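Below is one structure, written out as structure tokens; comments come after it.
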Amino acid sequence: MRDARFHALLGLEARRIWSLARRGFPSMVVLLALFVLLFGRGKEGFAMALAFLGSTYGLVPVMSALTDKLDGGLDFLTSLPVPAAVLAAARLAACSASGFLAAVFWTVSAALVAPDHLGVAPTPLWILGLFLGLGL
């Protein structure tokens, strides 16, 4: 979209998602260290930590919707003189970016443990297919 309203709303959604991710960062670091301590310092511990990190970024759109419901942010956005399609497109683009960020962590995690647990050597095509499947 070449609409200035879309870019402004996309920037707003990106700032809101970044705010949610930034607020949870200290607890995420503690939990990542706990995962590495519990599951070992090898590939498995690192893969579990990456999978957890991907899950937190995968839940950001859900948490964003929850905060919209609690603080009335969506009610404010729908009161703006902007078509609903532009609002929906901006929200979808921001949530997609968060989903693909989560897919990066999940793909790296799966590529780390695939040779040992699945007996499959990850090829570039396998990794790309896994990334696209997880991202979608």
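What the table below lists for this structure:
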quantity: DSSP H segments from the chain that extend 30 Å or more along their own axis, Cα-based, with Kyte-Doolittle mean of 0.5 or above; calculated: 84-117
quantity: Computed over the range 1-48, the ratio Rg/Rh where both radii use C-alpha atoms and Rh is Kirkwood; calculated: 1.33
quantity: Cα convex hull of the range 48-96, projected area averaged across orientations, nm²; calculated: 3.7
quantity: MRE, 222 nm, helices only [DSSP H, n ≥ 4, -39500 (n - 2.57), over the chain, to nearest 500]; calculated: -28000 deg cm²/dmol
quantity: Relative contact order %, the chain, counting alpha carbon pairs below 8 Å whose residues are six or more apart; calculated: 31
quantity: Solvent-accessible ranking of Met63, Met28, largest area first, probe 1.4 Å; calculated: Met63, Met28
quantity: Positive-end extreme of charge dipole, the chain - chosen from Gly135, Val30, Ala103 (charges on Cβ); calculated: Val30
quantity: Solvent-accessible area of Asp116 with every protein chain in place, 1.4 Å probe, in Å² to the nearest 10; calculated: 90
quantity: Fully extended contour minus Cα-Cα distance, from Val120 to Thr67, at 0.36 nm per residue; calculated: 15.0 nm
quantity: Given charges at Cβ of Lys, Arg, Asp, Glu: the chain dipole, positive-most of Ala49, Leu80, Trp126; calculated: Leu80
quantity: Fraction in percent of alpha-carbon pairs per bin - 5 Å, the chain; calculated: 2, 10, 16, 18, 16, 13, 10, 7, 5, 3, 1, 0
quantity: Whole-Å semi-axes of the ellipsoid equivalent to the range 64-136 (Cα gyration tensor, √5λ, descending); calculated: 38, 13, 6
quantity: By average C-beta atoms within 10 angstrom, highest first, the peptides 124-131, 69-76; calculated: 124-131, 69-76
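The values are calculated or read from the model by the stated rules, or taken from the named source; none is laboratory data. Bear in mind the structure is a predicted one, so any value in this text is a computation, not a measurement. A quick note on method: Cβ atoms are made from the backbone with ideal geometry, for glycine too, and the neighbour counts reach across all protein chains shown. Side chains are part of the model used for accessible areas, which takes the heavy atoms of the whole protein and leaves out ligands, DNA and RNA. Shrake-Rupley method; radii C 1.70, N 1.55, O 1.52, S 1.80 Å.
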